[in-house]
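Structure, as structure tokens:
Here, each number is a calculation from the coordinates, and none is a lab measurement. Please read all numbers here as calculations on a predicted model, not as lab measurements. Neighbour counts are summed over all protein chains in view; Cβ atoms, including those assigned to glycine, are modelled from backbone coordinates with ideal geometry.
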Amino acid sequence: MRSMISIKKLTKTYAGGFEALKDVSLEIDQGEIFALLGPNGAGKTTLINVVCGIVNASSGEVLIDGSDIVSDYRLTRSKIGLVPQELPSESFETVWNTCCFSRGLFGRPADSKHLERVLKSLSLWDKKDTVSMQLSGGMKRRVLIAKALAHEPEILFLDEPTAGVDVELRQDMWNVVTSLRDQGVTVILTTHYIEEAEQLADRIGVIDHGEIILVEEKAKLMRDMGKKQLVLHLQEPLVDIPSQLSSYDLGLSKDQRDLTYTYDTKRQSTGITALLSDLRTAGIYFNDLQTSQSSLEDIFVDLVNEGR
Ligand SMILES: Nc1ncnc2c1ncn2[C@@H]1O[C@H](COP(=O)(O)OP(=O)(O)O)[C@@H](O)[C@H]1O
Ligand SMILES: [Mg+2]
């Protein structure tokens, strides 16, 4: 695996003395889709802005494909496409010109075929001669993505790309990200839509209060931290959980109608068969049951709360 982004002991203290990044180290391989999750104010945008050279780090080092972002700024920046969190101020340029100009900024020769492909993949082709400021918010966001891809970057940062956008744009963006990965582009996205990370990411990093508190393969994270629950809807309300059932991890809802059993999917036996038999012995009957698996969202909320 080739390291595409190497972040070592990065810190950022803003002018007022606020420590937005504390000793962040992170390696991202070529071709990965990496999702950075964290609550508001965790430091996601600061981290991206440092890597993209918009904000200066207070200490530490960032290498892009082996080159230093400070001493080799032009080279490293040309390998990066950035879709910023905020929509930029209004532009009087057409969509086409905006993208052409951005490509030129990074020293790339004009390539109308490439721009055509990018605009079509984002359903922007019929808007290519429209002035950006006349577009809706969702369309402006599409333009931001097209602009970021205009110079064929090897790395794409998407900073909360789908905050407040419509379903179609979300779907288009997910398709674009998947096809970029197929072309070997490294994608880093920040989001607090966990569903997005669950859909797209190969690995997930969680940042909170300027610290990376976890980095893990998505599949492993969900396997290791996921729990399953069985909910039994009782025929009669139950006042107390009888003592002969105390060995099970059971919860009773406020209305005393739902009994919840939480079990570990990694264990060989779930204990469900024994539980159902013990319930019958205790004279507790149910008329419905369902199981649910904890989502990445549950896992994430648990993780961030642990740190508080
Ligand atoms: N220019 C700045 N000056 C001072 N503090 C800042 C500045 N930009 C961001 N911050 C603070 O740094 C923290 C992290 O912000 P940010 O990186 O935008 O978080 P996120 O993108 O995860 O929401 C926040 O508490 C924010 O208020
Ligand atoms: Mg942000």
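Structure values in brief
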{"quantity": "Vicinal HN-Hα couplings computed from phi for segment 74-85 (Karplus, 6.51 cos²θ - 1.76 cosθ + 1.60; Hz; Gly/Pro x)", "calculated": "4, 5, 5, 5, 5, 8, 10, x, 10, 9, x, 5"}
{"quantity": "Förster radius 25 Å - calculated FRET efficiency between residue 74 and residue 8 (Cβ-Cβ, nearest 0.05)", "calculated": "0.70"}
{"quantity": "P(r), alpha carbons of segment 1-159 - 5 Å bins starting at zero, rounded %", "calculated": "2, 9, 17, 19, 18, 15, 12, 7, 2, 0"}
{"quantity": "Computed E for residue 112/residue 223 - FRET, C-beta separation, R0 45 angstrom, nearest 0.05", "calculated": "0.45"}
{"quantity": "Listed peptides 2-9, 15-22, 151-158 by packing density, highest first (mean Cβ within 10 Å)", "calculated": "151-158, 2-9, 15-22"}
{"quantity": "Local electrostatic count, residue 143, Cβ distance below 14 Å [Lys/Arg +1, Asp/Glu -1]", "calculated": "+2"}
{"quantity": "Net charge of Cβ neighbours under 12 Å - reference residue 85; Lys, Arg +1; Asp, Glu -1", "calculated": "-1"}
{"quantity": "Residue 244 versus residue 289: modelled label distance in nm, points set 7 Å from Cα along the beta carbon direction", "calculated": "1.8"}
{"quantity": "Relative packing of 77-84, 52-59, 97-104, which averages over residues the other C-beta atoms within 10 Å, highest first", "calculated": "77-84, 97-104, 52-59"}
{"quantity": "Theoretical gain in end-to-end length, residue 163 to residue 58 [0.36 nm per residue, Cα-Cα removed]", "calculated": "34.9 nm"}
{"quantity": "Length-normalised contact order for the chain - Cα pairs under 8 Å, 6+ apart - percent", "calculated": "19"}
{"quantity": "Residues with amide H under 5 Å from that of residue 213, placed H, sequence gap 5 or more", "calculated": "206, 207, 208"}
{"quantity": "Given 127/147; 79/220; 44/79; 79/147; 228/254, the pairs whose alpha carbons are separated by over 24 Å", "calculated": "79/220"}
{"quantity": "Added length on full extension, which subtracts the Cα-Cα distance from 0.36 nm per residue, residue 255 to residue 272", "calculated": "3.8 nm"}
{"quantity": "Nearest-ten-degree value, helix 272-281 long axis tilted from longest Cα axis of the chain", "calculated": "30"}
{"quantity": "Net lengthening on full extension, residue 199/residue 175 (0.36 nm per residue, minus Cα-Cα)", "calculated": "7.6 nm"}
{"quantity": "Under 5 Å, built H, 5+ apart or other chain: amide partners of residue 33", "calculated": "187, 202, 203"}
